1. If you take the residues in region 452-464 that are in contact with a helix residue (DSSP H, G or I) (Cβ under 6 Å, 6 or more places away or on another chain) and part of a helix (DSSP H, G or I), which one is nearest to the ligand (Cβ to nearest atom)?
2. I'm told residue 442 meets every condition in (1) modelled with pLDDT under 90; (2) surrounded by fewer than 20 Cβ atoms within 10 Å (Cβ to Cβ) except one. Can you identify the failing condition by its number?
3. Taking the options 407, 416, 426, name whichever one is surrounded by fewer than 23 Cβ atoms within 10 Å (Cβ to Cβ), modelled with pLDDT under 90 and away from the ligand (no atom under 16 Å from the Cβ).
4. Among the residues of region 369-408, write down those that are under 25 Å from residue 454 (Cβ atoms), within 22 Å of the chain's Cα centre (by Cα) and among the hydrophobic types (A, V, I, L, M, F, W, C).
5. Which number in (1) touching a Phe, Trp or Tyr at 6+ places or on another chain (Cβ under 7 Å); (2) more than 10 Å from the ligand (Cβ to nearest atom) marks the one condition that residue 472 misses?
6. Condition test on residue 203, is it crowded, with 22+ Cβ neighbours inside 10 Å, under 29 Å from residue 107 (Cα atoms) and out of contact with any strand residue (DSSP E or B) (no Cβ under 8 Å at 6 or more places or on another chain)?
7. Here's a check for you: in region 344-357, which residue that is assigned to a strand (DSSP E or B) and closer than 11 Å to residue 315 by Cα is modelled with the highest pLDDT?
8. Taking residue 257 as the residue in question, decide whether it is part of a loop (DSSP other than H, G, I, E, B), away from the ligand (no atom under 16 Å from the Cβ) and under 17 Å from the mean Cα position of the chain (by Cα).
Amino acid sequence: MCGFVGIVDSASVAAPIAMGLQAVQHRGQDSCGIFTYAGERFPGRRGLGLVKDVFTSEMLEPLEGNAGIGHVRYPTIGRGSLADAQPFFERRPGVLMAHNGNVTNFDVLRNRLSERSVYLLSKCDIEPVLCTFAEELMARRRRNHTLEDVTAALRDTLNIVEGAFTLVMVLEVDGEPTLVCVRDPHGIRPGVWGRKGDARIAASESVALDALGFELEGDLAPGEAMFLRAGQEPIRKQLDARSSSPCVFEAIYFSRPDSVEGGQTVYQRRLSLGARLAREWKDKGFEADRVIPVPDTSRPAAIAFGEELGIPCREGFIKNRYSGRTFIMGSQESRQSALRLKLNPIRAEFEGQRVVVIDDSIVRGNTIQRLLDLVWAQKPKEVHFAIHSPPVLHPCFYGIDMSTPEELAAPQYIGELPPTGGMSIEAQRAMEQAWAKDLGIDSLTFLSVQGLDEAFPGSRCAACFEGRYPLPIPEDQRSVIAQDRVCNRPGA
Ligand code: SF4
């Protein structure tokens, strides 16, 4: 998963892009980059790590220009190396590109390009898209590209490229520096735009606009290309559109709660997930003295869960904002201390109490056992776990890092995957019982798919919960993606 910010203005854009990127830093911490357009030059810098560390004033100084894009990356295809860091630049015809999401047929694109003697510098899935678009554009006209040229080249590129992504680009169109943002035909990955004076912005989350004082104008439509120029109204072109299927996992876990998606804050979404989860938990006949969120994502859901049932919601864990990653630590003991460094419990909130711990999701199940060891050490009377999403039964090929079925914990507690559409309530409750027994807790409750439907009415992607993929991925592409993750996932 990644984040991007693109700005076009009558003033220099590198510094505001760096600020905007810090607002979407939660979407990727492995690498970051900013490239700008300055007349006939495209200066850029990329680095490993956080935006605040990479983009010092010395790094930003050479990045002159009134149009540019920035990117933060957590790889879901390719590595977290500098070679795979975005944005990418193509000399002919002079275009910058970055994306958020997954290009699912990246190997097909790579082979197609190599048959034409076009070779790539990285394993990042956006590079073959950039090369494909550049070929399409150059085939239309060698220079002085028009809006019609770019629109036609984008349309042809989208006919070849498959996946769930929002692209952001900068190039000269009709002789003017132009920021172009394109959302995939199903609108699986998010993309918003806004304005401030002459400046126009496109970003993966609205919090980047808030941080820079831009007015949010709205979301890009699925399959839409938006052309933004300083001081002008946007030009919107519909390239392709299929059923709108925004990813529900964005609101469950990934996006910041203060972001606005589809006209609603993620915070509001999480409140409704928590309220619905509370009703389902109560129907099981349990009672509790405390609701405790696992910070930070599940806080709004925990507040709503407590309000719904009249149970006080308390901070039982304090998160250390400065602790590092834990996956590089070898032994079980050191991983446990790393978790404790990251998340320290407040004993008084647990001791002698019946607690319901609220979390956003369980994907691989690695953390929950360690978390439970911490909880039991605080001597609670009863421990219930409630999760504000349904069990993850299917992999995601659309840019969330859970692309292989073997890594998922929930399928291990059911005999056979249910037919498309998710589990029946009865089957889910039986699975929860078996899993809770294994974990040694009083109960485990996931939100049902029916509960998810209530919080996300209408068309959306919830394929990882119910197996209905808006964009079918052929078996051979699934294997290529799985193989890529085995080889390239951080820590692999
Ligand atoms: S499969 Fe799940 S994580 Fe992937 S895009 Fe769909 S809802 Fe989001």
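The values are calculated or read from the model by the stated rules, or taken from the named source; none is laboratory data. Note that this is a predicted model, so its numbers are computed, not measured. Here Cβ is always computed from backbone atoms with ideal geometry, including for glycine, and neighbour counts include all displayed protein chains.
1. Start the filter on region 452-464 by keeping residues that are in contact with a helix residue (DSSP H, G or I) (Cβ under 6 Å, 6 or more places away or on another chain), which leaves 454-456, 460, 462.
With the extra rule that they be part of a helix (DSSP H, G or I), the set shrinks to 454-455.
Details: 454: 16, 455: 13 Å.
By that ranking, first place goes to 455.
2. Here residue 442 meets the rest and fails (1).
3. Values: 407 fails: away from the ligand (no atom under 16 Å from the Cβ); 426 fails: modelled with pLDDT under 90.
Exactly one residue qualifies, and that residue is 416.
4. 387, 392, 393, 396, 400, 402, 408
5. With respect to (1) touching a Phe, Trp or Tyr at 6+ places or on another chain (Cβ under 7 Å); (2) more than 10 Å from the ligand (Cβ to nearest atom), residue 472 is out only on (1).
6. no
7. Taking the candidates together, the pick is 357.
8. Values: part of a loop (DSSP other than H, G, I, E, B): yes; away from the ligand (no atom under 16 Å from the Cβ): yes; under 17 Å from the mean Cα position of the chain (by Cα): yes.
Considered against the rule, which asks whether it is part of a loop (DSSP other than H, G, I, E, B), away from the ligand (no atom under 16 Å from the Cβ) and under 17 Å from the mean Cα position of the chain (by Cα), residue 257 comes out as yes.
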